Amino acid sequence: MTRPRIAERIASARLQRKQQGRERQRRVVTRRDGVKVEIGGRWLVNFAGNDYLGLSQHFAVVDALQSTAAREGVGSGASHLVSGHHAAHESLEKEMADWLGAPRALLFGSGYLANLAVMQALLEEEDVCVQDRLNHACLIDGARLSGCRLRRYPHLDPEGALRQLRATPDGAAMLATDGVFSMDGDIAPLRELSLVAKVQQALLHVDDAHGVGVIGPEGRGTLADAGVGYEGVVHLATLGKALGGYGAVVLGSEEIISHLVETARPYIFTTALPAAQAAASLAAVRLARREHWRREKLTTLVAHFRQRAQFRGLELLPSTTPIQPLLCGGDQRAVAMSAALETQGYWVPSIRPPTVPEGRARLRVTLSSLHNTGEVDALIDALCWARDTASGNGPGAAVA
């Protein structure tokens, strides 16, 4: 037997990505100042991030990070169950639970880890996890790593979810969905999905990474926006998007959270977040709860962007969130348009398969409350110029 060589496999896969125009590269940001970033010695207006409320550089958030690090150091030193659980972690969990109206919250190092933890701890081999076809990769990976049966339903289709659950009646069931879909910007029909889950005796798991802080009453996310409570529901909120920090929180019943603490491998076997980072996130949560103008301004900017873009004939997907995808069709055209925008001083990444389906390459515009209408109007002009001038063989640009 001739064993395949990993090095040869890597070379073949890399060549294929190059031929398809799907190579990926990191861009080095040397400085940030509000919505502007310096890359390669040039300042660009950033329409590529997820800092929706503009909290990542807020002086109160930065001060909380610095002052706590000065007192407590830069690392937690251990996992939560050994000696790494700090008062700052406890305060952040309680604040998140209070804000989002959940019985209890549990802090994780990232949203990816949190989703792996939920599914690994709650699902077994004979169980089934039914998911929206456009769910984030960590939800898919979580189901696969749990060993359960994974079934997919058409995007935003509660009846499709119901059919899949009915087709797999054996074992426990979980119905999992993004709250806001990160590449399309649309919102899951959670009221209908919650009814499907209840009828089928399935646990509903909502990854609200792009919803909490932005969507719903007081920014409490897509669950609150849909009027869905926490009975039979697990809710994930990330701290690295609208809240501008790092990490994630899983919210749910006392029983589920206690079970995760004692059994979830991505929680038990990893070092706790630095206390300073938890303190910074706590400051950000309090700002998000108090400063409603940030969400109001963001909502106004989103509506303004969509109105101007549609007037200029730009092909947007139907999104009312800060994620505003502009369809480009072919991969090369998306790359060329992104590169053209950069020459005009704007950072808007091209998104291509496998991040999005084949034939659905796009520019992913994201808005922040730190942007102003002048910057949005100028971006619209640049997008129209890029659309009209970019060819299918344009130069490379930042991609995902």
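Quick note: the coordinates plus some simple rules give every number you see, no bench work behind them. Predicted, not measured: the structure shown is a model, and the values here were computed from it. Virtual Cβ from ideal backbone geometry, glycine too; neighbours counted across all protein chains shown.
Report whether or not ARG14 is on the phi < 0 side of the Ramachandran plot and either of a type in the set (Val, Ile, Thr) or not in a loop (DSSP other than H, G, I, E, B) (or both).
Numbers: on the phi < 0 side of the Ramachandran plot: yes; either of a type in the set (Val, Ile, Thr) or not in a loop (DSSP other than H, G, I, E, B) (or both): yes.
Judged against the criteria, ARG14 is a match.
Within the stretch 144-199, the set of residues being in contact (Cβ under 8 Å) with a residue 40 or more places away in the chain, over 25 Å from THR238 (Cα atoms) and among the β-branched types (Val, Ile, Thr) comprises just one member, THR168. Filtered by the rule that a residue be surrounded by fewer than 24 Cβ atoms within 10 Å (Cβ to Cβ) and either under 19 Å from the mean Cα position of the chain (by Cα) or more than 22 Å from ALA172 (Cβ to Cβ) (or both), the stretch 205-232 gives GLY216, PRO217, GLU218, ARG220, ALA224, ASP225, ALA226, GLY227.
Among the candidates ALA7, ALA13, the residue that is farther than 30 Å from MET183 by Cα and of a type outside the set (Phe, Trp, Tyr) is uniquely ALA7. Of all residues in the stretch 248-277, those satisfying the criterion of being within 19 Å of the chain's Cα centre (by Cα) and either surrounded by fewer than 24 Cβ atoms within 10 Å (Cβ to Cβ) or assigned to a helix (DSSP H, G or I) (or both) are PRO266, GLN277.
Which pairs have Cβ atoms under 6 Å, sit 6 or more apart or on different chains, and link a residue in the stretch 1-27 that is without any contact (Cβ under 8 Å) to a residue 24 or more places away in the chain to one that is of a type outside the set (A, V, I, L, M, F, W, C)? Here the result reads ARG17/GLU23, each pair linking the stretch 1-27 to a residue that is of a type outside the set (A, V, I, L, M, F, W, C).
Restricting to the stretch 200-236, what's the tally of residues that are β-branched (Val, Ile, Thr) and free of Cβ contacts under 8 Å to residues at least 60 places away in the same chain? Lay out the reasoning, then the answer.
So the first thing to find is which residues in the stretch 200-236 are β-branched (Val, Ile, Thr), and the list is 206, 212, 214-215, 222, 228, 233-234.
Going one step further and asking which of them are free of Cβ contacts under 8 Å to residues at least 60 places away in the same chain, we end up with 206, 222, 228, 233.
Residues meeting the conditions: 4.
Take GLU23 and tell me if it is touching a Lys or Arg at 6+ places or on another chain (Cβ under 9 Å) and more than 30 Å from ALA264 (Cα to Cα). Taking the combined requirement at face value, the residue satisfies it.
In the set (1) part of a helix (DSSP H, G or I); (2) touching a strand residue (DSSP E or B) at 6+ places or on another chain (Cβ under 7 Å), the condition left unmet by GLU38 is number (1).
Residue count for the stretch 78-120 under the criterion of being polar (S, T, N, Q) and under 17 Å from GLY240 (Cβ atoms): the result is 2.
Please return the ranges of strands (runs of 3 or more DSSP E) entirely within the stretch 52-170 where 3 or more residues are among the aliphatic types (A, V, I, L, M), at negative phi and crowded, with 20+ Cβ neighbours inside 10 Å. It would help to see each step written out before you state the result.
On the way: elements: 104-108, 128-132, 149-153.
Correct list: 104-108.
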